[in-house]
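Written below as structure tokens is the structure these notes are about.
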Amino acid sequence: MIQNIENIELTYLTIHDYEELKVAMIDAYTNMPGSFWKEEQITSLVDKFPEGQVVIKVNDQLAGCALSIIVDYDQFDEHHTYKELTGNYTFDTHSYEGDVLYGIDVFVKPAYRGLRLGRRLYDYRKELAEKLNLRGIAFGGRIPNYHKYSGEISPKEYLEKVRRKEIHDPVLNFQISNDFHPSKVLKGYLEGDAASNEYAVLLEWDNIYYEKKTVKAFTKKKVVRLGLIQWQMRLYKNLTELMQQAEYFVDAVSAYRSDFALFPEFFNAPLMADHNDLSEPQAIRGLAAYTPQIVQKFSELAISYNINIITGSMPEIRDDLLYNVGFLCKRDGTTEKYEKLHVTPDEAKVWGMQGGNILKTYDTDCGKIGILICYDSEFPELSRILADEGMDILFIPFLTDTQNGYSRVRHCAQARAIENECYVAIAGSVGNLPKVHNMDIQFAQSMVFTPCDFAFPANGIKAEATTNTEMILIADVDIDMLRELNQFGSVRNLRDRRKDIFEVKKLN
């Protein structure tokens with residue numbers, strides 16, 4: 001290893017570096033005599049894609065190099081060769097309209113190994129892929145130690161043994177440690193690579209910040225502002241007065257430029273006071289008559305206040321059966337429904353309520369979200385399915401009468417944030433309703449939960465309302481932080497699941 005290092009510089013490769021580059025390649029590839037790029041090939045690379053060709057210089061001496069091009073990856077067979085990807089070494093396959101950065105070469109001179117220069121070169125490639133909005137990086141990784149085992153095991157078995165640390169392969173181990181995942185073995189990849197028996201491992205890295213190009217005038221938000229309404233239960237004269245209070249809160253969270261307004265489960269329960277002379281099942285069916293008008297009003301508010309509204313929940317009668325449902329009223333004017341799948345024993349016993357069937361994620365201008373009503377948050381399979389569908393934020397409107405009930409929702413919601421690597425927002429109601437049977441008291445503390453890792457609050461709580469006080473809670477959540485967590489978290493719950501021994505899936 002070189003001593004007395006005065007400076008290390010990563011810079012673009014120029015044709016003036018060629019002679020030094022040639023010497024460095026010959027020095028680096030001692031097991032492949034005569035393996036070096038011709039001057040006209042380097043000239044072609046620099047002309048076609050100058051920012052893709054970089055060198056590292058130590059004390060002004062060329063120590064390492066990385067060469068790459070951009071390709072339209074789907075144009076090539078998944079079992080391609082190096083010759084095919086490079087256009088017979090002409091690099092005519094390079095196109096700025098492509099979607100993948102393809103690694104042509106990367107090497108470090110033996111005298112400079114141990115300084116982690118290779119990592120700097122790979123990090124530059126990753127930053128370049130992010131800068132150019134490419135969906136990832138790919139290249140065929142040599143397995144120069146394979147010739148020692150080729151008479152005993154197949155390339156696939158060799159790869160598995162390297163993964164399990166039973167065989168040490170310095171090249172492959174280095175690439176895997178730099179977040180490149182092996183996807184397949186390529187046969188006949190590089191002509192003349194006797195040490196690898198001309199096999200290579202296709203290694204890929206996914207750009208978590210990649211955004212698919214669209215012709216629409218649409219930008220997906222990365223920092224999303226949540227507005228939670230901790231609703232005070234009080235008596236209202238009529239539906240108009242209740243919705244005036246709802247609009248007051250929508251106006252308030254919209255004034256803070258929130259992207260979502262979250263209302264609690266059964267926030268409209270005070271309207272059952274008009275049916276207090278009826279039995280509990282009849283009273284809630286009377287409440288269901290207001291649902292279409294409430295949804296229509298919320299849809300109008302979503303448009304006029306430019307905010308996505310999650311309406312909490314309300315009763316709905318369908319085929320003479322009673323359900324607990326809610327609606328996502330988007331600011332573009334569209335409306336989608338969600339349902340409570342698991343009704344509580346009390347809801348079934350007192351009201352005769354049925355469990356619904358809708359379980360899905362919802363596409364919004366702030367990414368994919370999921371919505372589970374209260375008791376559903378206590379069934380981890382549901383949120384796991386939503387996470388598999390790409391959910392970034394889980395909203396949980398709830399209604400709990402005691403602190404015991406609230407604690408179940410609160411602790412389960414926080415567990416959902418950790419295990420699904422997502423944000424979770426919960427909103428409930430507070431106060432008393434003396435003239436509504438089965439809705440006497442409420443206990444709530446609305447909160448926003450995060451995963452527990454270095455980039456997030458140590459206790460996993462982004463924001464929390466004052467217990468049992470009517471108020472709004474505003475919190476920003478950064479979607480890019482979830483992408484970082486998915487790839488580089490201290491633990492990676494989504495990626496580390498043992499899908500080889502269990503799975504969770506919807507039946508319809």
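The values are calculated or read from the model by the stated rules, or taken from the named source; none is laboratory data. Since we're looking at a predicted model, the values are computed, not measured. Virtual Cβ from ideal backbone geometry, glycine too; neighbours counted across all protein chains shown.
Name the single residue, out of those in the stretch 269-295 being at pLDDT 95 or above and outside any helix (DSSP H, G or I), that is surrounded by the fewest Cβ atoms within 10 Å (Cβ to Cβ).
Ala289
Could you tell me how many of the residues in the stretch 187-206 are within 19 Å of Met32 (Cα to Cα) and either without any contact (Cβ under 8 Å) to a residue 40 or more places away in the chain or surrounded by 14 or more Cβ atoms within 10 Å (Cβ to Cβ) (or both)?
11
Regarding Phe266, is this residue in a loop (DSSP other than H, G, I, E, B), of a type in the set (A, V, I, L, M, F, W, C), out of contact with any Gly (no Cβ under 6 Å at 6 or more places or on another chain) and crowded, with 22+ Cβ neighbours inside 10 Å?
Here the answer is yes, as Phe266 does meet what is asked.
Please enumerate the residues belonging to the stretch 133-158 that are basic (Lys, Arg) and surrounded by fewer than 22 Cβ atoms within 10 Å (Cβ to Cβ).
Arg135, Lys148, Lys156
State whether the residues of the stretch 447-454 include one that is surrounded by 19 or more Cβ atoms within 10 Å (Cβ to Cβ), outside any helix (DSSP H, G or I) and on the phi > 0 side of the Ramachandran plot.
Checking the stretch 447-454: not a single residue is surrounded by 19 or more Cβ atoms within 10 Å (Cβ to Cβ), outside any helix (DSSP H, G or I) and on the phi > 0 side of the Ramachandran plot.
Of the residues Glu130, Glu152, which single one is at negative phi, assigned by TED's automatic domain parsing to the domain that holds Thr90 and outside any helix (DSSP H, G or I)?
None of the other options fit; the residue is Glu152.
Assess whether Ala444 counts as being modelled with pLDDT of 95 or more, assigned by TED's automatic domain parsing to the domain that holds Cys374, among the small types (Gly, Ala, Ser) and in a loop (DSSP other than H, G, I, E, B).
Criteria met by Ala444.
Restricting attention to the stretch 381-420, and to residues there that are assigned to a helix (DSSP H, G or I) and polar (S, T, N, Q), which single residue is surrounded by the fewest Cβ atoms within 10 Å (Cβ to Cβ)?
Asn404
When you look at Val162, is it at pLDDT 90 or above and either among the aliphatic types (A, V, I, L, M) or over 25 Å from Asn308 (Cβ atoms) (or both), yes or no?
No.
Scanning the stretch 159-170 for residues that are of a type outside the set (D, E, K, R) and buried (at least 19 other Cβ atoms within 10 Å of the Cβ), which turns out farthest from Leu101 (Cα to Cα)?
If we take residues in the stretch 159-170 being of a type outside the set (D, E, K, R) and buried (at least 19 other Cβ atoms within 10 Å of the Cβ), then Ile167 is farthest from Leu101 (Cα to Cα).
Quick one: which of Ile358, Ile371 is within 17 Å of Thr311 (Cβ to Cβ) and under 19 Å from the mean Cα position of the chain (by Cα)?
Going through Ile358, Ile371 in turn, just one is within 17 Å of Thr311 (Cβ to Cβ) and under 19 Å from the mean Cα position of the chain (by Cα): Ile371.
Sort through Asp17, Asp77 and tell me the only one that's free of Cβ contacts under 8 Å to residues at least 60 places away in the same chain, within 21 Å of Gly140 (Cα to Cα) and either in the same structural domain as Val201 (by TED's automatic domain parsing) or part of a loop (DSSP other than H, G, I, E, B) (or both).
When all the criteria are applied, what remains is Asp77.
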